[in-house]
Every structure is written in structure tokens, then in C-alpha cells.
């Protein structure tokens, strides 16, 4: 195979990022594009020089020349498209989260195991250069056993609306949209321990804050200020079988001074902060040291991370390496996310022992 022939399903903003990264990879041909709205698919196809346009993903998957797909749709479509693609013998890069229920996640996992295909979950922060650097320090024993982590992704006004605020299509609000990123980042660096229990809260107090003036923020293409049935804020304590714990809070809407994103891990020998900028903490000669790595960019670089992620997916499809974010991790993340929502709903801790 000279080039990996890739199809894109969905034409929103995330699809544009995927296509930019695929277009820069010499081993890839952008082969086909699919969207429910033919006009949108045709426009993207013209911009990218893609000759094959579909409005039905099943028709796209029937093309024997297609090798792999990127799923860039609302969350509710992730599982059915992933399963259909795997059954058709196509490699899959599915945007986070893997799906919207644990039951769906297990069905996707079953489809992966029945296929000879790669499925990579779009946990893009695993592929960030900062994450790679910290992972090297952890693997070298510099930080020791990581037993605690804290993560926040707080927006004061940042509900994208559209499908993001539609429970049926999204599966939830900031927890499943933003929280999945920072939870996975910390969980990955903690060594991906099995979840033992979660205790969570969700709040719906402020809505999408369409009344706020003089502040601009991203709005989804189908934004409608009258439609919003997801949480504004979620927080949780996540406990793992190895005794480690993770504290997280995320919001679309909050009376906060400013937006905030943090990701911090703490180990027996040292620690690390990946957000807002990279910093390592160590202890030498009875002295605590704050270490600033000499790298080009201390902050998270989303564009570079997506390029790294896409390139890794391509190399995995071509048999050169294995993915860093397999379906099993997508399943465990759905257990965590759905457990938090269930804990908030019933008002008590959810336990996973004995599974």
C-alpha cells in the first residue's frame, strides 16, 4: 500500500483539524468525506481535493479502497459508526469520548477484538510533547509512584451550544466534553490504574449564559440559546484500585474571575504540572527543586498534539507501532465518566469492585 486512504465522517471544527494533520502526512491520501448535509461535505471536498462525497457513512464504508476513517461526529454517533467501520475492515480514529454509555463501550471493544483493525481513541493530550516529556521522567523513576492528581478545566462562559448542550447527542456537558481530556491526561500519567470508586456532583444553575454581553466564545454551528439540558459544572473524587486518587472539576458556566485549566500529578519522589505550563518538582540533597525544562514551548500545543496523534494513528494502521490510546482505555474512561454522572444522580459514591 503506497498511501493510507482515509475518510472523514463529520465536517465540524474538529474535522478540519484532523484534515489539516492528515494533509501534512506524506503517507496519507484524503480519500472521502461524509456529512449528513451534502452541501457541507461538498464544500470541504472541494477545498481539500477530495473526489468521493457521501451523506451515508455506511455507503462510504462499503468502498473497498477505503483503509481508515476519522469519526468527527457528535458523541452519540461514535459507537455505531465505530462498530460498522470495524466490521467493514476499516481502521478507526474516533474522537473522544469513545461513546456515551458503558454498554456501548463494551460493544465497541467486542468489535475491535473481532477485527484485525486498529481503533484509536482521540485522547489527544496523551500525544502532546509535554506529556511525552513527563512520561519519560515517570518511566525513569524520577517522580516515583504517582498517588495523587488534581485537574481542572473551568470556563466562566463557554457552553458551545448545539449538540454539545443536547444530552441525547452529547451524553452530557463539560464533564464528558472537557473533563475527559484532563481526567485522561492525569490517569494516563498515573499508569492507567483500574477505577475502584467515584463520588461526583453535577450542577445546573446558570444555563448557557446567552445573556452575557461583551464576551466572545466558541459557538457550535447549530447553536441555539434556547436549547440546553446538560450540566454547567461537575466535580468528582476518583479512587483507583492501587490506592491512588484523582480530584477533578470542570465547567461550561461558572461565576469565576477567569477561565482556568490545570493538570498536576504528585509522586513519592517528585511531581509535575502540565497545565497551564510545564513544571517539574524534585527533591535533591534535602532540598525541594522547581525545575523548568528547557523546551521550545512550555504550554500545551494543541495543533502539534493533533499532528502527533494523527501521525501515530497512521503509523499504527501501517503496522509500524501500536496506538497509545486503545479501546480498553476508552472503556475504562466511560466507566469513570458514567460513574460520576450516576453518582451525582443518586447522591452517593459508586463502587466498581468485583468487576
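With the checklist (1) in contact with a helix residue (DSSP H, G or I) (Cβ under 8 Å, 6 or more places away or on another chain); (2) loosely packed, with under 13 Cβ neighbours inside 10 Å in hand, flag the one item residue 216 doesn't pass.
Only one criterion in (1) in contact with a helix residue (DSSP H, G or I) (Cβ under 8 Å, 6 or more places away or on another chain); (2) loosely packed, with under 13 Cβ neighbours inside 10 Å is unmet by residue 216, namely (1).
Return a yes/no flag: does segment 189-206 have any residue that is in the same structural domain as residue 245 (by TED's automatic domain parsing), at pLDDT 95 or above and part of a helix (DSSP H, G or I).
Yes: segment 189-206 contains one or more residues that are in the same structural domain as residue 245 (by TED's automatic domain parsing), at pLDDT 95 or above and part of a helix (DSSP H, G or I).
Go through 249, 224, 229 for me and flag whichever is closer than 25 Å to residue 169 by Cα and in contact with a strand residue (DSSP E or B) (Cβ under 6 Å, 6 or more places away or on another chain).
It is 249.
Return the pairs, sorted by first residue and then second, in which the second residue is in a helix (DSSP H, G or I), the first residue lies in segment 35-46 and is closer than 14 Å to residue 9 by Cβ, the beta carbons are less than 9 Å apart, and the residues are 6+ apart or on different chains.
35/15; 35/41; 35/42; 35/44; 44/15; 44/16; 44/19
Is at least one residue of segment 235-256 more than 21 Å from residue 180 (Cβ to Cβ) and modelled with pLDDT under 95?
no
Could you check segment 259-355 for strands (runs of 3 or more DSSP E) lying wholly inside it with 3 or more residues that are within 20 Å of the chain's Cα centre (by Cα)?
260-267, 271-275
Could you check residue 213 against (1) touching a residue at least 40 places away in the same chain (Cβ under 8 Å); (2) in a loop (DSSP other than H, G, I, E, B) and say which number it fails?
(1)
Confirm whether residue 347 is more than 27 Å from residue 95 (Cβ to Cβ), out of contact with any helix residue (DSSP H, G or I) (no Cβ under 8 Å at 6 or more places or on another chain) and in the same structural domain as residue 241 (by TED's automatic domain parsing).
The answer is yes for residue 347.
Return yes or no: is residue 74 in the same structural domain as residue 19 (by TED's automatic domain parsing) and over 14 Å from the mean Cα position of the chain (by Cα)?
When the stated conditions are applied, residue 74 does not pass them.
Looking at segment 12-125, what strands (runs of 3 or more DSSP E) fall wholly within it and have at least 3 residues that are surrounded by 21 or more Cβ atoms within 10 Å (Cβ to Cβ)? Break it down into steps so the answer makes sense when it comes.
On the way: elements: 28-34, 52-54, 68-71, 91-95, 119-122.
Ranges flagged: 28-34, 68-71, 91-95, 119-122.
Residues being farther than 25 Å from residue 222 by Cβ and in contact with a helix residue (DSSP H, G or I) (Cβ under 9 Å, 6 or more places away or on another chain): count how many of those fall in segment 1-21.
Residues in segment 1-21 being farther than 25 Å from residue 222 by Cβ and in contact with a helix residue (DSSP H, G or I) (Cβ under 9 Å, 6 or more places away or on another chain): 2 in total.
The values are calculated or read from the model by the stated rules, or taken from the named source; none is laboratory data. Note that the structure is a prediction, hence the values are computed from the model and not measured. Backbone-built Cβ (ideal geometry, glycine too); neighbour counts: all protein chains shown.
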